Number of protein chains: 2
Amino acid sequence: MRVEIWSDIACPWCYVGKARFEKGLEAFAHRSDVEVVHRSFELDPGRAKGDVVPVVELLAEKYGRTREQAQAMEETVAGNAHAEGLGYRVEGRDNGSTFDIHRVLHLAKAHGVQSELLDLAYRANFAEETSVFDDEVLVGLAVRAGLDEAETRAVLADPAAYAEEVRADEREAAELGANGVPFFVLDRRYGISGGQPAEVFTQALEQAWKDRAPLTTLASADSADGATCDVDGNCA
Amino acid sequence: MRVEIWSDIACPWCYVGKARFEKGLEAFAHRSDVEVVHRSFELDPGRAKGDVVPVVELLAEKYGRTREQAQAMEETVAGNAHAEGLGYRVEGRDNGSTFDIHRVLHLAKAHGVQSELLDLAYRANFAEETSVFDDEVLVGLAVRAGLDEAETRAVLADPAAYAEEVRADEREAAELGANGVPFFVLDRRYGISGGQPAEVFTQALEQAWKDRAPLTTLASADSADGATCDVDGNCA
């Protein structure tokens, strides 16, 4: 079974939702048969690289609240994060374009360390005193996740590298009807929107497992001129 | 859309089928939205490592034919390979356990070079004067595909490395009803058995694309306590 998770590094519910999903997956009997793929989604696709603003100020302006009210909104999210054992800084966090982070996450995917880099980037963004919108910080995280420093720098220096992969993920999200993240898709059959409680994910995994449908055969080796070799080594 | 291809390096129709599928994919309008994953299947899972025999002798014994008749069988496969522009040696090829090759193909998958290594291994096995059942040859192919030599040797030296990944692929093949390879699965909805002509693959891709079903929502952010952030950066 395959689970695809659309998320953005700037999305607090994605950070919390990843931990909740992983807890839900841990309680699923067939967890070793589940493959997890992370996909790109930008909360603010129009934001220019380098346009970095403090989160609390952004929230206050976006929702027309005072600085204190914006901070209280962040406290609510922090409470949810803490309940999952995750760190969360209410003040001093930055917000900016996540496009380059998604490009490097695709490089990490190609090297099998996507989930590792995502965890490091979430932690840096939400729990630590580091800005993931700084290329040097991002390179450091990539190296800690197991990527090659020179290769990471080459991807960051070439705006086209993995750009189409990010765009393709975002097109797919729209086609699947996702207008917010985190968005979880099980075997391209079931959708779950939001950082739900762990039990919701366990139940969804159980239902998707139970409902796995038999394949529809479009062409078989018996028909036409397609040939196979079977498990006894016999080739038709 | 995702296409999974179960195959074995010792399976001539898998070698031919990969080329035909890729030709079929090339003619598919949405090819850039197709992700291809190769999965493990052993034609002879009981064969011990090091038990390597010439293919023509194996065929003669298995089917109770003379050496000349076995060679004629191979000529038929060679004709199909040549028609796809692929080399194929009728004589001098070996057959052996492919388990370790599958383990290294999983290492290659983790590094994003699975299709490259599969192509090199197919070519070595079917078209060149090299035996892929020799660990030194396999290491050489892995390095040419872009893998690290020391990491490849470490995988070969540890029989547990990626063994569960190979077994999991094989269990999935059985669950999906595949008793021969190549076996192609489109979005876990459609199955195609055998190295079909390229047009069959193009048509199947078109049908699978047209029939993509909407997701069934198991939990939405509006319900329960799952929260999301949307594309305007608003977090519920």
Checklist outcome for this item: With +1 at each Lys and Arg Cβ and -1 at each Asp and Glu Cβ, the charge dipole magnitude of chain A around its Cα centre, to the nearest 20 debye, comes out at 560
Next on the checklist: I'm checking a number: the convex hull volume of the Cα atoms of the protein assembly as shown, normalised per residue, in Å³. What is it?
Outcome noted: 143
Checklist entry - List the lysines whose alpha-carbon lies under 22 Å from that of A:K210, not counting same-chain residues fewer than 8 positions away? => result A:K23
Item to check | Furthest towards positive pole of dipole, A:A142, A:Q114, A:N125, structure part chain A, Cβ charges | outcome: A:N125
Checklist entry - At B:G46, with labels set 7 Å past Cα in the Cβ direction, how many nm apart are the copies from this one, shortest first? => result 6.7
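Based on DSSP loop calls and a cut-off of at most 10 other Cβ atoms within 10 Å, the longest stretch of chain A free of exposed GluC sites (Glu not before Pro) is what? Walk me through the numbers on the way to the answer.
Details: sites that count: A:E91, A:E129.
Between the exposed loop sites, the longest stretch runs A:130-236.
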Item to check | Closest-to-axis residue of chain A (Cβ criterion, axis taking A to B), whole Å | outcome: A:H111, 3
Checklist entry - What is the spread of the Cα atoms of the stretch B:77-214 along each of their three principal axes, largest first, in whole Å? => result 45, 36, 26
Checklist entry - So how far apart, in nm, are the two label points at B:E199 and B:A27 if each is 7 Å from Cα heading toward Cβ? => result 0.7
Checklist outcome for this item: One finds, for A:N234 and A:Q207 with R0 = 30 angstrom and r their Cβ-Cβ distance, a FRET efficiency to the nearest 0.05 of 0.20
Checklist entry - Averaged per residue, what accessible surface does chain B expose to a 1.4 Å probe, in Å²? => result 42
Checklist entry - Once you wrap a convex hull around the alpha carbon atoms of chain A, what is its projected area averaged over all directions, in nm²? => result 16.4
Checklist entry - So what does the Cα-only Debye profile of the stretch B:156-236 read at q = 0.21 Å⁻¹, as log10 I(q)/I(0), no solvent term? => result -0.97
Next on the checklist: At 7 Å along Cα-to-Cβ for each site, give me the label-to-label distance between A:V137 and A:S220 in nm.
Outcome noted: 5.8
Item to check | Pseudo-label separations to other copies for A:A163 - Cα-to-Cβ vector, 7 Å, nm | outcome: 4.7
Next on the checklist: Once each part is reduced to its C-alpha centroid, what is the distance from the stretch B:7-60 to the stretch A:1-56 in angstrom?
Outcome noted: 34
Checklist outcome for this item: Label points for B:V137 built 7 Å along Cα→Cβ; distances to same position in the other copies, nm, shortest first, come to 5.2
Checklist outcome for this item: Treating only Lys and Arg (+1) and Asp and Glu (-1) as charged, each at its beta carbon, one finds that the protein assembly as shown has a dipole about its Cα centre, in Debye to the nearest 20, of 800
Checklist outcome for this item: Note: B:183-196 gets an average of partner chain Cβ contacts (10 Å, Cβ to Cβ) equal to 6
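Over chain A, with every protein chain in place, what whole percent of the accessible area is carbon and sulfur at 1.4 Å, could you tell me?
Looking at chain A in its full context, I get 50 percent from C and S.
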Next on the checklist: To check you understand DSSP bridge types, tell me what percent of the beta bridges within the protein assembly as shown (both residues inside) are antiparallel, rounded to 5.
Outcome noted: 60
Item to check | Cβ-derived FRET efficiency at R0 22 Å, A:E129 paired with A:E149, nearest 0.05 | outcome: 0.50
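The values are calculated or read from the model by the stated rules, or taken from the named source; none is laboratory data. All values derive from a computational prediction rather than experimental measurement. Quick reminder, even Gly has a Cβ in these numbers, built from the backbone with ideal geometry, and neighbours come from all protein chains shown. Accessible surface areas use protein heavy atoms only, side chains included; no ligands, DNA or RNA. Shrake-Rupley method; radii C 1.70, N 1.55, O 1.52, S 1.80 Å.
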